[in-house]
Structures are given as C-alpha cells and as structure tokens.
Amino acid sequence: MIGRLASGALVAVLATGSAQPLVHAAPPAGGHIDATVWLPYWQRGAVDDISASASAFSSASLFWYDASCSNVRRSPGAGGSADVARLKARGLHVIATVVGGGLPASRAVHCFNNNKRRHAHVRQLVRLAVRGRYAGIDIDYETLAHTTRPHQARRVRAAFDRFVDDLCPALHRHGKTCSVTVMPRVDDSYRRWHRILIPAVYDYRTIARTADRMRVMAYDEHGRNSNAGPIAGAPWVRRVIAYTATKARLAKVQLGIPTYGRDFSHHASIAMSTPAALALARRHGVRPHFDAVQREGRFVYHSSGVRHVVWFSNPRAVAFRTRLAVTRRLAGTAYWAAGLERAGTWRAVRIAQEK
C-alpha cells in the first residue's frame with residue numbers, strides 16, 4: 001500500500017492431498033503468536049537482519065515477486081536460494097509474497113472473471129510455491145484497490161473472491177499455506193481512502209474463511225495523500241481490529257505493524273526508515289517525544305521556512321501493537337518491514353509476545 005516505501009518492477013517431497021495444512025506450526029521461541037516479517041527485495045541487509053533475530057518470528061515473507069495476469073516474475077535484485085536456505089536454517093518458514101503490480105482494477109476483473117485466465121494464474125502461483133520450495137504464498141495485490149468508483153470496486157471484490165476461492169485450495173493440495181494481505185477497513189462503506197483507493201475491494205469475510213491467514217495492514221492511517229498524523233495511531237488500530245472481528249475470526253488474522261516513519265509537509269509526505277527519521281531529528285536539533293495517545297514517536301522541525309511533522313514507529317510503538325495483537329487473541333503479527341526498524345525493535349517484539 002502507500003506505506004510500502006517503494007514500488008515498480010518487483011516483481012523435495014511435497015505432501016499432497018492435504019485439505020488444510022497446519023499453518024506455521026512452530027511458533028517463535030518463547031512466543032505465542034504467528035509472527036512474520038516482510039523482507040523487501042531492495043533492503044540489502046534484510047536477510048542478515050532477520051537471521052540475527054529469527055527467534056522473534058515464525059516465518060519470513062520474501063517481498064520478491066510481482067504478478068500480472070499472465071506472468072509471475074522475480075524482481076531484479078531479489079535474493080536467491082542461498083538466502084532462502086539461510087532463513088530456513090534459522091527455523092523460519094519461508095513464504096513468497098507476490099504483489100500484483102500488473103493487476104490494477106480493470107485488469108484484475110478481466111483476469112479473475114475468466115475461468116481460463118484465473119486458473120492459469122493460480123497454476124503459476126502454485127508452481128512458484130512448489131519449485132521454490134516455499135512454505136506458502138502471500139498474495140499482496142494492492143493495485144486492484146486503486147479505483148475511485150464504487151461500482152468498479154464491487155466488480156473487483158467479486159472477481160478477487162473467485163480468485164482466492166480457487167487459489168487457497170490449490171495451494172493446500174500441495175501442502176502449501178495461503179495468506180492474503182489486505183488494506184485496513186473500519187466499516188462496510190465503499191468510500192475512498194487517501195483519495196485514490198477503495199479498501200472495500202477486500203471481502204474480509206470470504207478471504208478469512210478461505211485463506212489460512214488474512215494479514216491486515218493496519219498502517220498508513222495518514223499517508224502520502226493526507227494531512228500530517230500518526231502512521232498507525234492506537235485508537236485507529238483498535239477500530240481496525242474491532243471491525244475485522246465482525247467479519248473474521250481473529251484467530252486467522254495477522255495484524256500488520258509498521259516499523260517506519262513519515263515526514264509530512266504541505267499535504268504531502270515522504271516515507272523513511274525509523275533510523276533515517278531519528279537522524280533527521282538530530283540534524284535539526286530537535287528531540288522526538290512519544291505520543292501517549294497515539295503510541296508513536298513524533299517531532300516537528302522547520303526547513304527553508306516550511307514546517308515538517310514527523311511520525312515514526314520505534315521499539316516501544318512496535319511492542320505496543322504486538323501486545324495488542326496478543327491481548328486481542330489475533331493469530332499473530334506481520335511487520336513492514338525488515339531493514340526499516342530501529343535497533344532493538346525485534347527484541348522488543350520478542351518480549352511483547354510473551355503472555
């Protein structure tokens with residue numbers, strides 16, 4: 001979604017006949033939730049980062065693949081089999097995250113409403129899971145929500161439901177897990193979000209019923225096309241969880257948690273890592289503070305006469321949201337992303353997981 005920091009050219013013996021495989025059967029050491037973290041292909045140190053903190057997670061989600069209707073491809077610069085083997089050696093289930101850069105709203109409807117095209121797309125994803133020896137697939141098709149027309153959003157929603165209903169059983173037949181990442185919602189409306197998106201394209205009830213995990217990206221409350229504000233303010237995150245609970249069993253839901261920051265000015269913003277945000281504060285001689293209501297870091301600075309407001313997620317903020325997932329009995333958490341966090345974040349996650 002908007003908070004993904006970058007976009008563009010992303011791109012064995014198997015158990016068969018299993019109707020519903022165990023999902024991430026091994027929880028993190030000392031933990032009680034199914035915690036995953038996305039590893040973006042452009043974050044060069046992401047594998048090192050997560051290998052060193054593997055005990056905080058049950059799986060690693062490789063943000064390495066991009067899909068159109070007819071093709072699923074690896075992003076140039078993504079890691080390889082040695083990285084996968086290294087993460088597995090640390091006891092992590094390794095999942096392939098596939099983004100749908102080539103599936104905007106109109107193309108998604110065209111692809112998923114046609115049986116032949118939909119089934120071919122499903123076969124490509126199953127092939128990726130099998131040949132890559134991944135534990136499963138995480139579908140992160142966000143461009144299909146880029147519409148401002150409710151009528152089109154309803155068509156996308158129905159088409160995407162058909163796709164998910166086909167994909168997850170196909171993965172299960174090969175002993176693979178099926179996760180679907182969705183944008184946050186707080187009500188049933190088809191209203192626009194950040195001026196360009198309609199998150200209602202994601203049918204929480206259908207997705208959570210069919211998938212092993214539904215990952216709700218509970219961040220970008222304020223983003224590129226909004227006024228300054230928290231990335232994932234605590235009151236808003238609670239609303240997202242409360243709404244989700246009306247549509248899905250929380251035991252299937254992973255709460256998406258941000259590890260990054262945003263610099264807001266003049267109704268625009270720039271996403272950045274938390275270390276970059278803290279370096280910015282030092283450069284301008286200002287001291288960040290932790291907002292007790294929103295449960296995020298914040299500071300204000302001025303540059304060339306322009307007022308900037310920076311919100312960022314530090315270890316304390318990440319731990320609070322992790323603990324919220326534990327106390328609300330969600331299946332787990334999903335962190336965006338490895339390499340964006342401040343030192344000490346994954347240790348804070350590990351502690352927050354403990355009951």
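What the table below lists for this structure:
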{"quantity": "Relative contact order of region 235-307, pairs being alpha-carbon contacts under 8 Å that are 6 or more residues apart, as %", "calculated": "19 percent"}
{"quantity": "Antiparallel bridge percentage (DSSP; both residues within the chain; nearest 5)", "calculated": "40 percent"}
{"quantity": "Ala334 long-range amide H proximity, modeled H, under 5 Å", "calculated": "Thr36, Leu255, Gly256, Ile257"}
{"quantity": "Sites Asp188 and Arg107, calculated FRET efficiency, Cβ-Cβ separation with R0 30 Å, nearest 0.05", "calculated": "0.70"}
{"quantity": "Order of Thr143, Thr274, Thr327, Thr36 under a 10 Å beta carbon neighbour criterion, fewest first", "calculated": "Thr327, Thr143, Thr274, Thr36"}
{"quantity": "Which of Val130, Val109, Val253 has the fewest Cβ neighbours within 10 Å, and the rest in rising order", "calculated": "Val130, Val109, Val253"}
{"quantity": "³J(HN,Hα), Karplus 6.51/-1.76/1.60, whole Hz, each residue of region 122-133, x for Gly, Pro", "calculated": "4, 4, 4, 5, 4, 4, 4, 4, 6, 5, x, 6"}
{"quantity": "³J(HN,Hα), Karplus 6.51/-1.76/1.60, whole Hz, each residue of region 315-327, x for Gly, Pro", "calculated": "x, 5, 5, 5, 5, 4, 5, 5, 5, 4, 4, 5, 5"}
{"quantity": "Residue-averaged 222 nm ellipticity for the chain, from DSSP H runs of 4+ at -39500 (n - 2.57), nearest 500", "calculated": "-10000 deg cm²/dmol"}
{"quantity": "Descending Cα extents along the principal axes, region 109-154, whole Å", "calculated": "39, 22, 11"}
{"quantity": "Coarse-grained scattering of region 159-217 at q = 0.13, 0.16, 0.25 Å⁻¹, given as base-10 log I(q)/I(0) from a Debye sum over alpha-carbon atoms", "calculated": "-0.36, -0.52, -1.00"}
{"quantity": "Hydrodynamic radius by Kirkwood, which averages 1/r over all alpha carbon pairs of region 190-314, in angstrom", "calculated": "15.8 Å"}
{"quantity": "Sequence-distant residues sharing a close amide H with Trp193 (under 5 Å, placed H)", "calculated": "Ile198"}
{"quantity": "Residues Arg295, Arg195, Arg173, Arg123 arranged by fewest to most Cβ contacts within 10 Å", "calculated": "Arg195, Arg123, Arg173, Arg295"}
{"quantity": "Integer Hz, Karplus 6.51/-1.76/1.60 couplings in order for region 238-244, x for Gly and Pro", "calculated": "4, 5, 4, 5, 4, 5, 4"}
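Read-outs throughout are calculated quantities, based only on the coordinates presented, and are distinct from any laboratory measurement. In this text the structure is predicted, and so the values were computed from the model without any measurement. Here Cβ is always computed from backbone atoms with ideal geometry, including for glycine, and neighbour counts include all displayed protein chains.
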